[in-house]
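The values are calculated or read from the model by the stated rules, or taken from the named source; none is laboratory data. These figures come from a predicted structure and were not determined experimentally. Neighbour counts run over all protein chains shown; Cβ positions are idealised from the backbone, glycine included. To get the accessible areas, we keep the full protein, side chains included, count just its heavy atoms, and leave off ligands, DNA and RNA. Shrake-Rupley method; radii C 1.70, N 1.55, O 1.52, S 1.80 Å.
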Amino acid sequence: MSERYVYDFDEDVPGGRELLGGKGVGLAEMTALGIPVPGGFTVTTDACRAYMRAGKQVPAGLDAEVQRHVEALEQRSGKRFGDPHDPLLVSVRSGAAVSMPGMMDTILNLGLNDTAVEGVAESTGNPRFAYDSYRRLIQMYGEVVEGIDAARFENALTDLKRARGVDQDVDLTADDLRELVATFKEIYEQGTGRGFPQDPGEQLARAFRAVFDSWDTPRALVYRRANGIPDDIGTAVNVVEMVFGNKGESSATGVCFSRNPSTGEARLFGEYLRNAQGEDVVAGIRTPEPIERMADVLPDAFRELQDTVRRLEEHYRDVQDIEFTVEEGRLYLLQTRTGKRTAAAALKAAVDMVDEGLISREEAVARIDPGQLDQLLHPMIDPKAEVEVAAHGLNASPGAACGAIVLDADTAAERGKGGESVILVRWETTPDDIHGLIEAAGVLTAHGGMTSHAAVVARGMGKPCVAGCDALSIDVEAKTVDIAGHALREGDTITIDGGTGTVIIGAVDLVPPQLNEDFEIVLGWADDIRRLQVWANADTPEDAARAREFGAQGIGLCRTEHMFMAEERLPVVREMILADDENGRLRALERLLPMQQSDFEGIFEAMAGYPVTIRLLDPPLHEFLPPVEQATNEHMAARIRSLHESNPMLGTRGCRLGLQWPEVYEMQVRAIVRAAVAVRERTGKTPLVEIMHPLVGFAEELKRLRAMTLAAAADEAEIDFSVGTMIELPRACVRADEIAEFADFFSFGTNDLTQTTLGFSSDDAEGKFLTYYLQDGILKRNPFETLDQSGVGDLMRIAVERAKAVKDIKMGICGEHGGEPASVAFCHRLGLDYVSCSPYRVPVARLAAAQAALAESGVTAAVAGG
């Protein structure tokens, strides 16, 4: 027996949404609930996948199976497909298992032809309706099935309205529309070389093939990549008996939500149009009316709609997005699905539904999209603003900013301190740019990736960043930039959206972060559920204080090199590096020590009672020096040349630097201990100090560094602290048992661990070959955004198992993956004690950690529709 591919809406189907798609399963469930749904059937996602596997050939038996279900629909409706007098007409709609609104295709009024349109005109006594329906079919079929440019049809319609002196489609007469049908048929024949098909069976067969094909349109591919939807799940096709909202003033079509999708307010929200078909509402052809006005003109249908929407929300226990049609006063529902809404609306709806007894707190936490919380933590582009996107880059740090273009960090710092909003525009940023980054409203770079310097620093500061914008070119000497053909000068205004990676020419209205009581309530519930602690990566007292405001339970990574880059300190750091001997280095380090101590004191006070993990100096020394051509003397130039490395990421950095120049690490340890003592004496509270050595790959490295750390601390004062290491090399993972003997804690530095495991340089991969890998399906996700669980993750698993076999050791993660929901879930399953991320990602991680615990206990977010 051949595989079954088609099911009626009223059949009991075991496959659910994965088989029927979101739209199909919604129609089937509404039919079972007794809600008025037109008859129809679903061609499953299995059929689409079989079609794709066979090189876009219809699988054996599918056409015959569709024909049997057409005949069953004819029996139920009392109408015949292709009847010249009163034909059965259907719509053909896509419907994947995951909602992809607006991405794929729909065809309405299928089954009409030159003969049937006359029959419909006669049987309904409404020739205008008949020809209006026919012209829509020819246009949709021409666009979807034949690929004819939609503008050709729209231009013809516009020309006709102009010739008749009318503004709206509804003002055209039956004779006008009959003429338009003839014009559309000419456009169709010009575009295809043949006449519009008159056989309804041919129309249907080619239509569902076209919907299958729409799964692979460029816009659908881009949408799936942006939303992490697999390419291999396919779409179902729903064939639905037509009901008509364009039969006159007692007919209508509309879209509504059970709650306001922008605010979450518990009241019906939506729009409708009288004497229209469904595409009119979403296409903007006419201006719809607010849904409340339907109560005045179609009161019975409106009351039934209210009751039905309430039933559906109670059934699915979530906000519903509904499409409906009223045909001569009678209501039909065409779709229900979980309503997409803003983060603020999602939080309010979740809290209200718990208060209403509709869902539990656990369900409320499970259904909030952690990534959406970023909307609430950064300024956003006003959703009402009309914008024209000039270019795209990587959405490296969320939020939006408008400001004047500045091309160097000094100018950014000067103008930013003066109160001006500026966007630092660079090929890429370096540690030397930190003062400009601090004062800039946002950052735009031509190069670099999601873990580039600009991206990591911007996220830590809560500033928007668009990185790796290929359409950006910069002429620093002329102080000009070109953004996708837009010639601009320094000082011109641009807007960047780090949440979407878009660049806009000119200023756009922004709206502030939308933190509210619902936000705090839901995250409070999440904290009661999660096992993982959530810490923050913070390098300054301000960052630490912000992290605490967002609920961080510790500092998992304090990068001391960022403290070295401050404007007044850099000359001293360079003096230390350029010193001819150890005594010269020590003199410079003595000047740096009180500066470091002051930083640590501020962080310890901000995190009173919570652990603070301080990573000793990690980057190679050459990063603190200017390019050789900017050397002020030959001695500096020689030193810069001597420190040059072909691949500094794998060179003299991290613990290797500390072992060769131990006086640098000793100074930092002394500053940490003195800061802890000062804060203890000042506040009466002893800081919880953790000292972390970076880039350890051999047990002997950590053995020696631990001894040095303990000795340097003992020379200062007696305080309790832990000594651990950042696990960021494959060897450290596989020899974790040996390294653990000398460690009190491990913290996985997954940014570098990803680079060293995959052999990818993040800055060189993102925007270059990695883009191709993602587009061509070699990789499903960017491993610098989402942890590579089968590769990097396996190494982490080995490290955890081998270290725990030696001792009970605390383990966490401090790479930026620590704030990415899927990676947080992996860390939960791995049994880590904490995740650490940028302060602005702490709420996201808190929610994701709770959802990981809920998933482990079997609680997940339910989804309706598609």
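Some values worked out for this structure:
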{"read-out": "Extreme residue, nearest to L221 (Cα to Cα), among residues of the stretch 766-795 that are in contact with a helix residue (DSSP H, G or I) (Cβ under 6 Å, 6 or more places away or on another chain) and of a type in the set (A, V, I, L, M, F, W, C)", "value": "L779"}
{"read-out": "Which listed residue is polar (S, T, N, Q), within 24 Å of G499 (Cα to Cα) and in a loop (DSSP other than H, G, I, E, B), from T771, T754, T860, T786", "value": "T786"}
{"read-out": "Subset of the stretch 381-399 (residues that are surrounded by fewer than 24 Cβ atoms within 10 Å (Cβ to Cβ) and more than 11 Å from the chain's Cα centre (by Cα))", "value": "I381, D382, P383, K384, A385, E386, V387, E388, V389, A390, A391, H392"}
{"read-out": "Residues located in the stretch 703-752, provided they are surrounded by 16 or more Cβ atoms within 10 Å (Cβ to Cβ), in contact with a Gly (Cβ under 7 Å, 6 or more places away or on another chain) and not small (G, A, S)", "value": "L705, M726, I727, E728, L729, D744, F745, F746, F748, T750, N751"}
{"read-out": "Residues (of a type in the set (V, I, T) and either open to solvent by less than 50 Å² (accessible area, probe 1.4 Å) or on the phi > 0 side of the Ramachandran plot (or both)) located in the stretch 772-798", "value": "T786, V792"}
{"read-out": "Residues located in the stretch 712-751, provided they are of a type in the set (G, A, S), touching a strand residue (DSSP E or B) at 6+ places or on another chain (Cβ under 8 Å) and not in a strand (DSSP E or B)", "value": "A713, A732, A736, A740, A743, G749"}
{"read-out": "Cross-chain or 6+ apart pairs with Cβ under 6 Å, the stretch 342-360 first and within 15 Å of W525 (Cβ to Cβ) and β-branched (V, I, T), then open to solvent by 30 Å² or more (accessible area, probe 1.4 Å) and in a loop (DSSP other than H, G, I, E, B)", "value": "I359/R317"}
{"read-out": "Residue within the stretch 319-328 that is assigned to a helix (DSSP H, G or I) and aromatic (F, W, Y) present", "value": "no"}
{"read-out": "Verdict on A446 being aliphatic (A, V, I, L, M), open to solvent by less than 50 Å² (accessible area, probe 1.4 Å), touching a Cys at 6+ places or on another chain (Cβ under 8 Å) and closer than 14 Å to S397 by Cα", "value": "no"}
{"read-out": "Among residues of the stretch 365-408, those that are in a helix (DSSP H, G or I), at pLDDT 90 or above and among the hydrophobic types (A, V, I, L, M, F, W, C), counted", "value": "2"}
{"read-out": "Long-range neighbours under 9 Å by Cβ, at least six apart or interchain, first residue over 16 Å from D737 (Cα atoms) within the stretch 698-714, second at pLDDT below 95 and not in a helix (DSSP H, G or I)", "value": "A713/I719"}
{"read-out": "Odd one out for V835, checked against (1) open to solvent by less than 10 Å² (accessible area, probe 1.4 Å); (2) over 16 Å from F550 (Cα atoms)", "value": "(2)"}
{"read-out": "Contacts under 7 angstrom Cβ, first residue in the stretch 602-631 being without any contact (Cβ under 8 Å) to a residue 24 or more places away in the chain, partner open to solvent by 50 Å² or more (accessible area, probe 1.4 Å), 6 or more apart", "value": "V628/R641"}
{"read-out": "Test set (1) assigned to a helix (DSSP H, G or I); (2) without any contact (Cβ under 8 Å) to a residue 60 or more places away in the chain - Y141 fails condition number", "value": "(2)"}
{"read-out": "Candidate set from the stretch 73-128 (those that are within 36 Å of the chain's Cα centre (by Cα) and small (G, A, S)); member that is farthest from I233 (Cα to Cα)", "value": "S91"}
{"read-out": "Qualifying position, being surrounded by 23 or more Cβ atoms within 10 Å (Cβ to Cβ) and among the acidic types (D, E), among D433, D408, D482", "value": "D433"}
{"read-out": "Residue tally, condition assigned to a helix (DSSP H, G or I) and in contact with a helix residue (DSSP H, G or I) (Cβ under 9 Å, 6 or more places away or on another chain), over the stretch 643-662", "value": "10"}
{"read-out": "Which listed residue is modelled with pLDDT under 95, among the small types (G, A, S) and out of contact with any Cys (no Cβ under 7 Å at 6 or more places or on another chain), from A732, A717, A740, A699", "value": "A717"}
{"read-out": "Residue in the stretch 159-173 that is surrounded by 15 or more Cβ atoms within 10 Å (Cβ to Cβ), hydroxyl-bearing (S, T, Y) and in contact (Cβ under 8 Å) with a residue 12 or more places away in the chain present", "value": "no"}
{"read-out": "Candidates E327, E414 - the one that is farther than 30 Å from T860 by Cα, surrounded by fewer than 24 Cβ atoms within 10 Å (Cβ to Cβ) and without any contact (Cβ under 8 Å) to a residue 40 or more places away in the chain", "value": "E414"}
{"read-out": "Enumeration of residues in the stretch 174-183 that are within 18 Å of V120 (Cα to Cα), in contact (Cβ under 8 Å) with a residue 12 or more places away in the chain and under 46 Å from the mean Cα position of the chain (by Cα)", "value": "L177, L180, V181"}
{"read-out": "For P87: the one exception among (1) over 14 Å from F212 (Cβ atoms); (2) touching a His at 6+ places or on another chain (Cβ under 8 Å)", "value": "(2)"}
{"read-out": "Any strands (runs of 3 or more DSSP E) falling wholly within the stretch 197-307 and containing at least 2 residues that are at pLDDT 85 or above, open to solvent by less than 40 Å² (accessible area, probe 1.4 Å) and touching an Asp or Glu at 6+ places or on another chain (Cβ under 7 Å)", "value": "252-257, 269-274"}
{"read-out": "Any hit, the stretch 664-686, residues being in contact (Cβ under 8 Å) with a residue 12 or more places away in the chain and in a loop (DSSP other than H, G, I, E, B)", "value": "yes"}
{"read-out": "Residue within the stretch 619-640 that is under 28 Å from A545 (Cα atoms), open to solvent by 10 Å² or more (accessible area, probe 1.4 Å) and not in a helix (DSSP H, G or I) present", "value": "yes"}
{"read-out": "Count of the stretch 166-196 residues which are part of a loop (DSSP other than H, G, I, E, B) and in contact with a helix residue (DSSP H, G or I) (Cβ under 9 Å, 6 or more places away or on another chain)", "value": "8"}
{"read-out": "Per-region count, the stretch 789-824, residues more than 17 Å from Q755 (Cβ to Cβ) and either touching a residue at least 60 places away in the same chain (Cβ under 8 Å) or assigned to a helix (DSSP H, G or I) (or both)", "value": "18"}
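Conditions tested, residue by residue: (1) among the polar types (S, T, N, Q); (2) under 19 Å from T495 (Cα atoms); (3) in contact with a Ser or Thr (Cβ under 7 Å, 6 or more places away or on another chain).
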residue: V351; (1), (2), (3): no, no, no
residue: S360; (1), (2), (3): yes, no, no
residue: L373; (1), (2), (3): no, no, no
residue: L377; (1), (2), (3): no, yes, no
residue: K384; (1), (2), (3): no, yes, no
residue: V387; (1), (2), (3): no, yes, no
residue: D408; (1), (2), (3): no, yes, no
residue: S421; (1), (2), (3): yes, yes, no
residue: I438; (1), (2), (3): no, yes, no
